Each structure stands twice: as structure tokens, then as C-alpha cells.
Amino acid sequence: MTVLKTSMRNFFAHKGRMALSAVAVLLSVAFVCGTLVFTDTMNTTFDKLFAATSSDVTVSPKDASDSGETTSDTGRPPVLPASVVGKVRGAEGVKSAEGTMFSSSVTVVDADKDSLSPTSGAPTIVGSWNGNDARTMKITGGAAPKGADQIMVDADTADKHHLKLGDEISVISATGTHSARISGFAAFTVTNPGAAIFYLDTATAQKTLVGRTGVFTSINVTAAAGVTDPALKKNVLGALGTGYKVQTAKEVSDANQKELSGFLDVMKYAMLGFAGVAFLVGIFLIINTFSMLVAQRTREIGLMRAIGSSRRQVNRSVLVEALLLGVVGSVLGVAAGVGIAVGLMKVMGSVGMKLSTDDLTVAWTTPVAGIALGVIVTVLAAYLPARRAGKVSPMAALRDAGAPADARAGRVRAVLGILLTGAGAVSLYATSQAGGATEGSAWLGLGVVLTLIGFVVVGPLLASGVVRVLGTVLLRPLGSVGRMAERNALRNPRRTGATGAALMIGLALVACLSVVGSSMVASATDQLDKTVGTDFIIQSDSGQLITPEAVKAVKSVPGMERVTEYRVTEADYTTPDGKTLKDTDITAADPTYAEDVRTKTVAGDIADAYKPDSMSVNEKFAEDHGVRLGSKIKVDFKDGSAARLTVRAITSDDVVIDKGAMYTSTATLAKYVPADRMPLDVVLFGSSEEGQQDAAYKALKAELHDYPQYTVRDQTDYKQELKDQIGQLLNLIYGLLALAIIVAVLGVVNTLALSVVERTREIGLMRAIGLSRRQLRRMIRLESVVIALFGALLGLGLGMGWGASAQKLLALEGLKVLDIPWPTIIGVFVGSAFVGLFAALVPAFRAGRMNVLTAIATE
Amino acid sequence: MKAYGSGETRVVALDHVDVDIARGQFTAIMGPSGSGKSTLMHCLAGLDTVTEGQIHLDETEITGLKDKKLTQLRRDRIGFIFQAFNLLPTLNALENITLPMDIAGRKPDKEWLDRVVATVGLAERLKHRPTQLSGGQQQRVAVARALAARPEIIFGDEPTGNLDSRAGAEVLGFLRTSVDELGQTIVMVTHDPVAASYADRVLYLADGRIVDEMRHPTAEQVLDRMKDFDARGRTS
């Protein structure tokens, strides 16, 4: 009982000193809970959406995907004949059955030819307006579409683009461009996270999307009263046989959910990973706080021991304080986490993903996980300082304690740290020598962990050296104030080491990723320069195929020397070893592709692969299946007939662009696949005549103005785009790492604040003998800057080592060029100095405000 | 005059004290606990402010000076020796001695510094950290620091309070020597009659007033006078 009472009193007596540790726990827990709430909310939103939009039973063509995805390489969705609807209606337990037609292989543009598609990556869907849609949507203005010239728009999209009744919009599909006027608006009764949806009447939808009537993409079946979905499914299957895909509402919903969960899980675990980094950094802060509190209370603890407290009681009293800290921080963290989730939802809203707070989902596991994690981490982190407190001898009560400036970094620590760092360095070296990717990543992971722990362990020893160097370079010129700052940073290397290490972790990750990112850009640029021989690349950033109309438009541009079409389809391969590989990609391109991209081969000439009835295979495929030049492979095209193609080139796997692709010519493909089943182009390569480049570029842009889904890029644009994309990704990651860095900065503030308290008397003395407030504040700021720079130096060094090793590993995957982004690295280093200045603001201000006399009188 | 609080709770620590400290002399301020002797010294040294009245250092009026000016004054014209914790643990003896000049950005006068160091007998230990020095040695470093900057006046707040009699005598001897040989002005607060006997003049303070003064005292005289005060205090 008394243990608890003393702990409580100590905790509340030092609430100021505990505050920063509590904030660290709070932030980490909040991030974890925020992530969980946010991803759960997204799941709920999609669950509701899928549940609402699926009919009791759905019938679709055999080759449609489980989730009802409606794209295919021909740009037209797979369909079933209208006669099936009648058969379904005849099945027992069917109340109604209705054929629908929809596709997401479309682009919709307004009268100015600006795209109405979402920018968030959500799909654009054009479909027929059916009973099932009328069930989940409400017409909020105008009327449902009727006739070839009417179209209805979902209310969110209409709002976003300020569309009015009667406005003309056009649907661009594989069959061409179709214009219609807006007849009405319909709103979802559940939250629609962002898809843009357009409705036509059934006949218009059929003509627009596949070019003929009498076919549907699926049939929505409603059960009669008392018939369950599985029973209905059975009956429908009985009526239709096995030629079609028949799914219950739940199966469709689950398939959709499964498709999304991959993406959601990646996001969730990535964010939890960053929360983990923040926790790791928070541990340093908590260890430091408790170590300093224990050190400051040495005399008090000695007294407790002298009057009979057992070692265990002292130990426990510190742990109970940690427990209190953990509970307070975590509970606040859970609350803040919900706030973060709502904030994230708002952010998503601004980039076009609509989420409603009505769907906000806080599972009971979220607060439990958050609080458990926060409390356990805090108590574990306080364990070492608590043990140290237990070891305080009763004699300490009698000694003039002051602040023990012991901190002789042990020899054990040095040996252990150096061994760990050494082993880590060896692992990193092994990474660069590794033969395979799996082996290499194992070495890399081991190396990263070992060097990180090694640096943390050896940190206090490095602190002495590094701070001295930094001091000599930066502080000495600033006179005695600088020298005192240096000495203060050095007086407790363990503390400086731990504070710097916290900052080191975040910055190491920043440095590592910036090295990898900039190496990616450099490698890709290098590869582009070496292999790409074309002027323009035309493709859709949202994954839309290139419609024949658009291809024609591109080919009509004057001044073009050649335009290469490039498409990908699937086929079943039967190799000479007798094996059949189902649904394997085959790339069909015009022979000019050999000039556009100089694909490296290990045997044969790539240009020969485009000869009639010829193909190329990749190196690994050739090895696995005993394929040599001249071997014949039976290629059974998915939408056509079987061909026997002769292998005339084997491509190297040591490439970046199109790695593993197997080529044949467009003409060969056309021979075996009927014209209406020909897959659409994925990308076009255009090369202009000598000297016509600028004109051609302008003309291409102008020609594709009506097709906003496609982008023309010359090589400069392409490289810039690559750089921008990687830059954006890095910025996102830096943003998430900012959390860890904020916690680390709190750690610096905490260390300084507690140091100032510890040195009250010293500060009083210095002020008495003539140190001005400004000098005092400057001294504290400089100490802070030195600690921050120490952390930055270690972190950047470590991170660059990791990054370089990762590059060596990824060299196998085409990351051939190591590029160290010096401006970023130097920027981070200089930025750290400012972080140090910032962290010292409050502690310096408080030190300056101290009353000289009371400071001197402090015990 | 120096008062704490106001109205009912107003406590007057110094009550109309009028005192002149003579240049080149060693003055001791004595008095029982709570007599206001430390407060007087703190006010004289510009560490504390007075409620009413004026304090001059040479021609400069220090009452009413802003913190910045006061700090400069302490740095350039005043030296301090405290009872304990006089030295910065991170600096060695020499660095502690030259600290006020370092802070001011002045170069120490090498010759003078050597002389001060020699006087306090620390030449051998200049590279030692405070924790490696005995209590007496630490106080000698503090004296050296106070002397090294050549301040107009040195204030000592029980400078020998934490020392045994031998170490105390040593330190007091150095203070005496610095007055006699270096012409230093020193004001020291103490309640030790032996310490006071090193002074040229002793001021007796009681209840915030100067009640007596003695020139060229001996330890016995001081002790007698103290006993006298104590007795009077008890009977009144």
C-alpha cells in the first residue's frame, strides 16, 4: 500500500517531468489506434457498399472474375446471352431475374473533354439502370435515363464536377465515343467511397459497352419469400448447369472484400510499422526519463532503503510509477487515435475518397490493443532504471549526492557494441555479395537489426568521440559558452547516447530510403537512356487500354516516323517438355518495338521474334522448360485458336523494362485471334521524323486532348514522372517517419529539461559569477544542437550504409546505380541542428528565468 | 531596506541599514541566524534587489539596474565565494578560475593569473576536475577564481562554512593575504568568530539592523561580543 502511495505521490509531484514521456506514449498509442480505427472504418464502408449492391444471387459468365470485375484485355467485358435470363426465371424460388450490363473499361468526359473519372484510383463504372440499382440508390433530381441520348450521373460525381441536368457528357469505350445528355442524378443510400457511376438504359448500355444488344454482363436474381441465398444458388445452378458462374450475395461481397483487403492490409501494416518505430523511439525517451528521475532521487531512495524499504519495494515503486504513466498515456492515446482516424478520413476526403463518420468503427480490440501495448512498453522500458533504483545503497542517503556524473561507459558495453556492429557490418557486406534475393534480404535484415542495436549499445561511447569532434568544429569557436555546452553534452554520455539514438533511428530510415529512392531514379534513368530508342510513350495512368479510335488519332499525327502498338494477352503454353502453363502472359508488339526498346538477349536477335509465327521467351522460362532457339511452343490464345510458334530469341533477365516478357508480333496474334477479340493496346510508342520532334509532341498532345485518360510523354517527361512518383512515395514515408522524429525531439526536450533541473545550482553559480541570460540560453541551445547533430550523424551514417547495402541487393532486380542524394542528406543534417535549437526553446527559456539566489540555494 | 511580502505578511529583512565598505579592507558581517546578514550581502552584490534605498559600487548605483547590467557588473566588477558548490564539475581547476573572464570574452592577464595561482598554491592541480580536489582545495580554487578577474570587490558567503578548521584557516589566510598584498576589497558573511577575526572590521547585524561595529578584532573579542548579543537576545 505504501509503495503505491509513494509511487502516486512521486508521479504527481513530477507530473511536469512525466508529461513528455506521457506524450510519447500517447503519440505512439494514438497512431496504432488511429490506424486500426481507420482501416476498420474503411472495411465497414466497403462491407456495407458490397452488401448493399449485391443481389441475392448473381449469375455471370464463366470467365468473369469472382468479384464481378468487368475489365478484360479487349476492353469489353465478358458477356452472356440474354436467353440465360429466361432460364434463370424458370428456376424454382426465383422471384425475379434481371440482366444488367456494366463495365469499368470506360472513360467519361464532360463537354470540354475533361475527365470525370475519380483521381483517387477508384473506378469509373458505366452500366444499365436496373431494379437492383434502384434498390440501393435514390434519384435525387431528374429522371432515370431513357433512350440513346440520356445518361444519369451519381450525385457525388455531379457535385464534384458541378454537372447540371441537360449537360452533355461522353462515354469513351472500346466501341467508340458516345455522347448523351444528363437526365437525372442518383445518390447511394450507403457511403460510396469514390467510384464515379453513370447509368444508361439497358439497350444503350449494351450498344455503348460491347457494341451489340442481346447480351448481359450479369444477371441479378432475387429470391422469393422464404428462399435462402444458398438454396436459390442451388436452384439456379440446377437450371443453368455449370456453364456459368453463380454466386450468392455473400460470395460476391467476400470476393470483393478479399480483393480490397490486400491493399488495406498493406496500408495497415505499413502504418503499424511506423507506429512501431515511434514506439521504439519512445522507449529511449522513457528509459532516459526514469534514469534521470532515479538519479535525481538517489538520496531519497537511499533514505527509504536506510529506514527499511527492501530492494524490491524500491524497484516496484518505480515500476508502479511507470505503470501509471503507461495507463495515462495510453488511455489518452486511444482517444487521440480516434481523432487521428477522423483526421485521416478528412484527408482521404480531400483526395477524393469519401468516408462517412457514420461508419466509424472502433472494435473492442482497438482500445485493448492500444492500452496493452502502451502500458507494456512503458513498464518494460522503465525496468532497467527501476533495477538501478533498487541497487541504490542506503549509504546514498548520507552522501552529498548531487547529480552523479558517473557514466563510465563500461568495457562490456564497448565490447558488446563493437561485436554487434561488426557482425552487422559483416551481414551488410554479405548482402552485397549474396547470390539470390531471399538470401540477400535475410542478410540485409540481419545487418540492419544488428547494426542498429550495435549503434545503440555503443552510442554512449561514440557520443564522447563524436561530441568532441562536433565541439571542436562547431562549438570551440563560440568561446567558453560553447565549451561548456560541449562539456555538458559529454558529462553523461549514456544520456546523450540514448537521446541521440532516439533521433538516430528515424533519421537512419530517412537516409536509407532516400538512398534507395534516388538510386531507383538514377537506375531507371540510366536504363531508359541505354535501352529506350523512342521519342514518345503514350499510355493511361489509370490503367485504361487504348481504344482503336485513340490509336487512329495518334497514327494520324503528321511528322511521325513510326508508331508501335503494344498489347498483352493471355494464352496457354505447351512447351517441348510436355508441360502446359495456363493463362500465361504473351506480349504482342509491332516489329518496330525492337527499335523502341533495345531488349537484351542471351541468344538470338529480338527482331526475329517478330517474324511470322515466331516468339521470344525469357531466360528463366527457357531454362525451366528446356527451350532453345528453334524450339516450338504451342500457344493456345485465350480468345482465339492455337498456334505453334518458333522461339527465335531468348531475352536476358538482367533488364528492368518489361522483365520476363515474352514477345510475338501483332500480325502473328491477329492470325490466330478474331478481329473483334483482339486485345487493345496497353501502350503506344511513337517516334517522330528527324527534327520534327517538337512539332510532333505538340500535335500528339492536341490530338489526344479528347482522350484525357491518356498521357503523352517524351523521355524527359517520363523521367520526371518517375522521379515525381518516387518523390511522392518518399514524402509519404517521410511524413509517417515524422512521428518517430517528433517523439525523438520530445526526447531531446525531455533530456534538456531534466538536465536543467539537475543543474539548477550550477546555473545559479554561473549566473552569479556573471553569465548573462542570453549566454545561458545559448549554452543550452548549443548543447541541444550537439545532441541533435550527434543523433543525425549516427543516423545518416547508418542509414546510408543500409541504403547502399539495399542497393547492392536490389542490383539483381535492376537497381544498378548507387546514387547518394547529398542535398537531402546534408539538408537533414542541417535540419537536425534546427531541430536541436527548437527542442531547446522551452528548457532554455526556463533556465533563463531561474532566480539566481534560489538556484544557488537549491540542494 | 529589504522587505519580503506585503501587508500583514510583510517581513522586513533589512531595516534601514546604512553601511560603507572601505576599499582595500577586509570586512566581516556577523550576526545570528535570521539577522539579515546574507540578505545584506546578496543585496550589496547585486544578486538581490532592495525594496527601498540605494546601493552604490564605487560611482555606480546598482539599485534599479536591469538584469543585463547587473550580470555585467557581477561579471566584471564583483567576485564571489560561496559556502559550497563553487565550481562547475565539468571544468578543471584552471578553467574554473578563468571562467568569469571567459564568459566576458576577455583574455586573462597571464602574469596576474600566475601570481594568484601561486598565492593560493594550486599550480600543481590546475588540470584537476573539482571531484578530484579536497574541500579545502576546492574553496581555494574558488578564491583564485574570485581574485583572478581583479574585481573591485569580493563577496564571500560563509566561505569556510564547510571546511575543517585547518582548511578554513588556509582559505582565510589567502583572503587576508590578498587584501594585504594585492589590495583586494573583501566582504565576508560568517558566524564563525575565528573567521571574523581575520577581518579589519566586523559589522554586527541583528533583526535587520547594524547594531555594532568592531575594528581589528581578535577571535576572543568577537566571541565575547557574540555572547553578549545572545544574552541580550534571551533577556529581552
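Can you say whether A:T646 is of a type in the set (S, T, Y), not assigned by TED's automatic domain parsing to the domain that holds A:K530 and not in a strand (DSSP E or B), as far as the supplied structure shows?
Working: of a type in the set (S, T, Y): yes; not assigned by TED's automatic domain parsing to the domain that holds A:K530: yes; not in a strand (DSSP E or B): no.
Judged against the criteria, A:T646 is not a match.
In summary, helices (runs of 4 or more DSSP H) completely within the stretch A:669-779 and bearing 2 or more residues that are within 14 Å of chain B (Cβ to nearest Cβ) occur at A:715-758, A:760-768. Filtering the stretch A:410-440 to residues that are surrounded by fewer than 20 Cβ atoms within 10 Å (Cβ to Cβ) and modelled with pLDDT of 85 or more leaves A:V415, A:L416, A:I418, A:L419, A:G422, A:A423, A:A425, A:V426, A:Y429, A:A430. Looking at A:I741, A:I780 in this structure, which one is under 30 Å from B:R145 (Cβ atoms), in contact with a Leu (Cβ under 9 Å, 6 or more places away or on another chain) and either surrounded by 24 or more Cβ atoms within 10 Å (Cβ to Cβ) or in contact (Cβ under 8 Å) with a residue 12 or more places away in the chain (or both)? From the options A:I741, A:I780, the qualifying one is A:I780. Would the stretch A:42-49 turn up any residue that is surrounded by fewer than 24 Cβ atoms within 10 Å (Cβ to Cβ) and in contact with a Gly (Cβ under 9 Å, 6 or more places away or on another chain)? No, the stretch A:42-49 contains no residue that is surrounded by fewer than 24 Cβ atoms within 10 Å (Cβ to Cβ) and in contact with a Gly (Cβ under 9 Å, 6 or more places away or on another chain). Here A:T242 clears all of (1) in contact with a strand residue (DSSP E or B) (Cβ under 6 Å, 6 or more places away or on another chain); (2) in a loop (DSSP other than H, G, I, E, B) except the condition numbered (1).
Can you tell me which residue among A:E758, A:E813, A:E859 is at pLDDT below 90, surrounded by fewer than 22 Cβ atoms within 10 Å (Cβ to Cβ) and within 30 Å of the chain's Cα centre (by Cα)? Spell out the reasoning first.
On the way: A:E758 fails: within 30 Å of the chain's Cα centre (by Cα); A:E859 fails: within 30 Å of the chain's Cα centre (by Cα).
The unique qualifying residue is A:E813.
Taking A:V153, is it among the aliphatic types (A, V, I, L, M), buried (at least 21 other Cβ atoms within 10 Å of the Cβ) and closer than 30 Å to A:P679 by Cα? Yes, satisfied.
Hey, among A:L232, A:L209, A:L237, which residue is in contact with a Lys or Arg (Cβ under 8 Å, 6 or more places away or on another chain) and either of a type in the set (A, V, I, L, M, F, W, C) or more than 18 Å from A:D159 (Cα to Cα) (or both)? Only one candidate qualifies: A:L209.
The set of residues from the stretch A:349-397 being buried (at least 16 other Cβ atoms within 10 Å of the Cβ) and of a type in the set (D, E) comprises just one member, A:D359.
Does A:A275 satisfy being part of a helix (DSSP H, G or I), at pLDDT below 90, closer than 21 Å to A:L80 by Cβ and not β-branched (V, I, T)? Reasoning before the result, please.
Values: part of a helix (DSSP H, G or I): yes; at pLDDT below 90: yes; closer than 21 Å to A:L80 by Cβ: no; not β-branched (V, I, T): yes.
So A:A275 does not fit the description; no.
Yes/no matrix, rows are residues, columns are (1) in a strand (DSSP E or B); (2) surrounded by fewer than 17 Cβ atoms within 10 Å (Cβ to Cβ); (3) on the phi > 0 side of the Ramachandran plot; (4) not assigned by TED's automatic domain parsing to the domain that holds A:P674:
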site: A:S523; (1), (2), (3), (4): no, no, no, yes
site: A:D529; (1), (2), (3), (4): no, yes, no, yes
site: A:D572; (1), (2), (3), (4): yes, yes, no, no
site: A:P576; (1), (2), (3), (4): no, yes, no, no
site: A:I586; (1), (2), (3), (4): yes, no, no, no
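Which members of the stretch A:460-512 meet the condition of being free of Cβ contacts under 8 Å to residues at least 60 places away in the same chain, away from chain B (no Cβ under 14 Å) and surrounded by fewer than 21 Cβ atoms within 10 Å (Cβ to Cβ)? Of everything in the stretch A:460-512, those that are free of Cβ contacts under 8 Å to residues at least 60 places away in the same chain, away from chain B (no Cβ under 14 Å) and surrounded by fewer than 21 Cβ atoms within 10 Å (Cβ to Cβ) turn out to be A:L461, A:G465, A:V469, A:T472, A:V473.
If you take the residues of the stretch A:77-117 that are of a type in the set (K, R) and out of contact with any strand residue (DSSP E or B) (no Cβ under 7 Å at 6 or more places or on another chain), which of them is surrounded by the most Cβ atoms within 10 Å (Cβ to Cβ)? Step by step, filter the stretch A:77-117, then rank; the result is A:K87.
Conditions tested, residue by residue: (1) outside the structural domain of A:P394 (by TED's automatic domain parsing); (2) buried (at least 23 other Cβ atoms within 10 Å of the Cβ); (3) over 28 Å from the mean Cα position of the chain (by Cα).
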residue: A:G273; (1), (2), (3): no, no, no
residue: A:N288; (1), (2), (3): no, yes, yes
residue: A:Q296; (1), (2), (3): no, no, yes
residue: A:R305; (1), (2), (3): no, no, yes
residue: A:G308; (1), (2), (3): no, no, yes
residue: A:G329; (1), (2), (3): no, yes, no
residue: A:A335; (1), (2), (3): no, no, no
residue: A:V338; (1), (2), (3): no, no, no
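Criterion applied to A:A225, A:A205 was being part of a helix (DSSP H, G or I) and either modelled with pLDDT under 90 or among the small types (G, A, S) (or both), and the one residue passing it is A:A205.
Could you tell me whether A:A225 is among the hydrophobic types (A, V, I, L, M, F, W, C) and touching an Asp or Glu at 6+ places or on another chain (Cβ under 7 Å)?
It is false that A:A225 is among the hydrophobic types (A, V, I, L, M, F, W, C) and touching an Asp or Glu at 6+ places or on another chain (Cβ under 7 Å).
Of these, A:V830, A:V786, which one is outside the structural domain of A:D654 (by TED's automatic domain parsing), surrounded by 24 or more Cβ atoms within 10 Å (Cβ to Cβ) and part of a helix (DSSP H, G or I)? From the options A:V830, A:V786, the qualifying one is A:V786.
Against the test of being assigned to a strand (DSSP E or B), among the charged types (D, E, K, R) and touching a helix residue (DSSP H, G or I) at 6+ places or on another chain (Cβ under 8 Å), the options A:E92, A:E98 yield a single qualifying residue, A:E98. Of the helices (runs of 4 or more DSSP H) contained entirely in the stretch B:52-128, those carrying at least 2 residues that are within 14 Å of B:A148 (Cα to Cα) and facing chain A (nearest Cβ under 10 Å) fall at B:67-77, B:93-104.
Could you run through the stretch B:169-210 and say how many residues are on the phi > 0 side of the Ramachandran plot and within 16 Å of the chain's Cα centre (by Cα)?
Let us first name the residues in the stretch B:169-210 that are on the phi > 0 side of the Ramachandran plot, namely B:183, B:207-208.
So of that shortlist, the ones also within 16 Å of the chain's Cα centre (by Cα) come out as B:183.
Residues in the stretch B:169-210 being on the phi > 0 side of the Ramachandran plot and within 16 Å of the chain's Cα centre (by Cα): 1 in total.
When the residues of the stretch B:22-50 are narrowed to those that are among the hydrophobic types (A, V, I, L, M, F, W, C) and within 29 Å of A:R773 (Cα to Cα), which ends up surrounded by the most Cβ atoms within 10 Å (Cβ to Cβ)?
Filtering the stretch B:22-50 for residues among the hydrophobic types (A, V, I, L, M, F, W, C) gives B:22, B:26, B:28-30, B:40-41, B:43-45, B:47, B:50.
If we keep only those that are within 29 Å of A:R773 (Cα to Cα) too, we end up with B:40-41, B:43-45, B:47, B:50.
Working: B:L40: 26, B:M41: 21, B:C43: 23, B:L44: 23, B:A45: 23, B:L47: 23, B:V50: 21.
Among those that are among the hydrophobic types (A, V, I, L, M, F, W, C) and within 29 Å of A:R773 (Cα to Cα), it is B:L40.
Taking the stretch A:654-703, which residues are hydroxyl-bearing (S, T, Y) and closer than 30 Å to A:K113 by Cβ? If you could, list the steps in order and put the result at the bottom.
From the stretch A:654-703, those hydroxyl-bearing (S, T, Y) are A:663-666, A:668, A:672, A:687-688, A:697; that's our starting set.
Listed by number, the residues that qualify are A:T666, A:S687, A:S688, A:Y697.
Of all residues in the stretch A:161-174, none satisfies being surrounded by 15 or more Cβ atoms within 10 Å (Cβ to Cβ), free of Cβ contacts under 8 Å to residues at least 12 places away in the same chain and not acidic (D, E).
Checked against (1) touching a helix residue (DSSP H, G or I) at 6+ places or on another chain (Cβ under 7 Å); (2) closer than 19 Å to A:L80 by Cβ; (3) surrounded by fewer than 23 Cβ atoms within 10 Å (Cβ to Cβ), A:D229 passes all but condition (2).
Here is a yes/no grid of residues against (1) without any contact (Cβ under 8 Å) to a residue 40 or more places away in the chain; (2) within 30 Å of A:G176 (Cβ to Cβ):
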site	(1), (2)
A:S514	no, no
A:T534	no, yes
A:A550	no, yes
A:M560	no, yes
A:A571	no, yes
A:P576	no, no
A:K582	yes, no
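The values are calculated or read from the model by the stated rules, or taken from the named source; none is laboratory data. As the structure is a computational prediction, the values presented were derived from the model and not from experiment. Cβ coordinates were reconstructed from backbone atoms using ideal geometry, including for glycine residues, and neighbour counts include every protein chain displayed.
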